[in-house]
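Below you'll find the structure, written out as structure tokens, and then a few comments.
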Amino acid sequence: MDSYKLARTALFRLPPETAHDLTLKLSATLPQLAAPWQRPYDPRLSCTVGKTDWKTPVGLAAGLDKNAVALDFFHRLGFGAMECGTITPRAQLGNPKPRMFRYSEEFSLRNSMGFPNFGMEACAARLRNRPADFPVGVNIGKSKEATPSQALEEYGALYEKLAPLADWVVVNISSPNTPGLRDLQQEGWLKDLFNVLNPLRQKHGKEIFVKLAPDLDDQVLRDLTTTLADLGADGLVATNTTHIPERGVGGVSGRLLRVKGHQKRRVVLEVARDRKLPLVGVGGFEDMNDVWAWWAAGGDAFQIYTAFVYQGPELLRRFENATHAFITRAKLPDLKTFLKLSPLERQKLIGAFGR
Ligand SMILES: Cc1cc2nc3c(=O)[nH]c(=O)nc-3n(C[C@H](O)[C@H](O)[C@H](O)COP(=O)(O)O)c2cc1C
């Protein structure tokens, strides 16, 4: 049994949030705990996302290390990049506990956290000391009480403070646990948002990605993607967690999101590819089959959260080994060469050398 499986057996006896906080505290204090999994990045696996080169195509999704306390640990584990946040302007406690639930048999989680975080000043202090050479994006969100017009000011202040310290910024308007947040996924407000952010982006030059929810109709998602491309978004992240009413409040992630995440992402991807808008895939990725499907559809980089909780760092090795074996068998110099191909060309290579 690998050491993560052993640790997980113990951790899964604790309530999910206690296990999460304990693991994160240990990882932040002792980044050398990553040593058993640490190995040099293979430059052949790097992947371009907008203006940033990820070390590998596999990123850590937002919400696991909200306050960017364990960047060194996740860097050593071999993530290709990570997204910290969601960060709000001031520290917030989030919703009352319990607010994180495991569905172990279904390899899924449900959370209704409500953005507990230490606020943007604390995050800025962390990012000032981030490890060199590890791509980090920062995910920003409005405070619980902010009205839509106050939210505009907040996103402006968050970008101004955190963009200079990160490689890219993700505007979160898709978590199900902050009142009114998902209502911001509409054209009028987004226009106002980009009016606020455009001059700041000119000043700091950091790209603005927008993270979308999976609980939107296909046509709404297509229109939203078109609107965001027209407004000048630099990229998208899809998807956030999904609300499943029978399961209770909050958003569900992992295997229970897998099919929906993949389907909704493909809808976004079709428009995004047409508009040359980078799209980071997230939601239900748990093995190479998800990755082949994502790449065959034309997607590039992706992020994981829930599958990482269930499978641990070995999952990164599995992705890496399979990708490496694939490009070697397909006689490609590197992953970037593969990701420049059309979906049709990719499908042929995956069919011949992938699975
Ligand atoms: C406990 C938990 C907390 C999360 N917190 C955030 C967050 O603060 N901001 C955000 O954009 N997404 C957050 N997410 C969503 C993840 O980033 C990701 O979009 C989602 O979990 C789907 O990916 P997965 O199926 O690999 O987990 C959270 C997810 C979980 C499970």
Inset, instruction - Taking only the stretch 120-132 into account, find how many residues are open to solvent by 10 Å² or more (accessible area, probe 1.4 Å), touching a residue at least 12 places away in the same chain (Cβ under 8 Å) and more than 16 Å from the ligand (Cβ to nearest atom). - result: 4
Legend entry - Test result for ARG44, away from the ligand (no atom under 13 Å from the Cβ), among the basic types (Lys, Arg) and not in a helix (DSSP H, G or I): no
Legend entry - So LYS264, is it more than 10 Å from the ligand (Cβ to nearest atom), under 16 Å from the mean Cα position of the chain (by Cα) and either under 19 Å from ILE208 (Cα atoms) or not hydrophobic (A, V, I, L, M, F, W, C) (or both): yes
Inset, instruction - Could you please find all residues in the stretch 133-152 being open to solvent by 40 Å² or more (accessible area, probe 1.4 Å) and either modelled with pLDDT of 95 or more or within 22 Å of TRP189 (Cβ to Cβ) (or both)? - result: LYS144, GLU145, THR147, PRO148, SER149, GLN150
Legend entry - When residues of the stretch 26-51 are limited to those that are open to solvent by 30 Å² or more (accessible area, probe 1.4 Å) and of a type in the set (S, T, N, Q), the one nearest to ASP167 (Cα to Cα): THR48
Legend entry - Residue pairs meeting the criteria (Cβ under 7 Å; at least 6 apart or on separate chains; first among the small types (Gly, Ala, Ser), in the stretch 102-119; second modelled with pLDDT under 95 and within 12 Å of the ligand (Cβ to nearest atom)): SER112/ASN177; GLY114/ASN177; GLY114/THR178
Inset, instruction - For ASP234, state whether it is buried (at least 17 other Cβ atoms within 10 Å of the Cβ), away from the ligand (no atom under 12 Å from the Cβ), of a type in the set (D, E, K, R) and closer than 24 Å to VAL138 by Cα. - result: yes
Inset, instruction - Could you figure out which of (1) under 23 Å from ALA35 (Cβ atoms); (2) of a type in the set (S, T, N, Q); (3) buried (at least 21 other Cβ atoms within 10 Å of the Cβ) isn't true of THR306? - result: (1)
Legend entry - Residue count, the stretch 48-81 (criterion: under 16 Å from GLY312 (Cα atoms) and part of a helix (DSSP H, G or I)): 5
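Could you grab me the full set of residues in the stretch 237-250 that are more than 7 Å from the ligand (Cβ to nearest atom) and not hydrophobic (A, V, I, L, M, F, W, C)?
Answer for the stretch 237-250, where residues must be more than 7 Å from the ligand (Cβ to nearest atom) and not hydrophobic (A, V, I, L, M, F, W, C): THR242, HIS243, PRO245, GLU246, ARG247, GLY248, GLY250.
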Legend entry - Residue that is of a type in the set (D, E, K, R) and over 20 Å from ILE208 (Cβ atoms), where the choices are ARG126, ARG130: ARG126
Inset, instruction - Within the stretch 284-304, work out how many residues are within 12 Å of the ligand (Cβ to nearest atom) and among the polar types (S, T, N, Q). - result: 1
Legend entry - the stretch 176-199: number of residues that are polar (S, T, N, Q) and either open to solvent by 50 Å² or more (accessible area, probe 1.4 Å) or modelled with pLDDT of 90 or more (or both): 3
Legend entry - Unique residue being within 11 Å of the ligand (Cβ to nearest atom), assigned to a helix (DSSP H, G or I), touching a residue at least 40 places away in the same chain (Cβ under 8 Å) and open to solvent by less than 50 Å² (accessible area, probe 1.4 Å) when the list is LEU257, LEU228, LEU221: LEU257
Legend entry - Selected residue (criterion: nearest to the ligand (Cβ to nearest atom)) from residues of the stretch 268-283 that are part of a helix (DSSP H, G or I) and buried (at least 21 other Cβ atoms within 10 Å of the Cβ): VAL268
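Does VAL210 satisfy being modelled with pLDDT of 95 or more, touching a strand residue (DSSP E or B) at 6+ places or on another chain (Cβ under 8 Å) and buried (at least 19 other Cβ atoms within 10 Å of the Cβ)?
Here the answer is yes, as VAL210 does meet what is asked.
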Inset, instruction - Look through the stretch 83-92, keep the residues that are buried (at least 24 other Cβ atoms within 10 Å of the Cβ) and not β-branched (Val, Ile, Thr), and return whichever of them is farthest from the ligand (Cβ to nearest atom). - result: CYS84
Inset, instruction - Would you confirm whether any residue within the stretch 242-252 is open to solvent by 10 Å² or more (accessible area, probe 1.4 Å) and within 14 Å of the chain's Cα centre (by Cα)? - result: no
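The values are calculated or read from the model by the stated rules, or taken from the named source; none is laboratory data. Computed from a predicted structure; not experimentally measured. Positions of Cβ are backbone-derived with ideal geometry, glycine not excepted, and every protein chain shown enters the neighbour counts. Remember, those area values only see protein heavy atoms, side chains included, never the ligands or the DNA or RNA. Shrake-Rupley method; radii C 1.70, N 1.55, O 1.52, S 1.80 Å.
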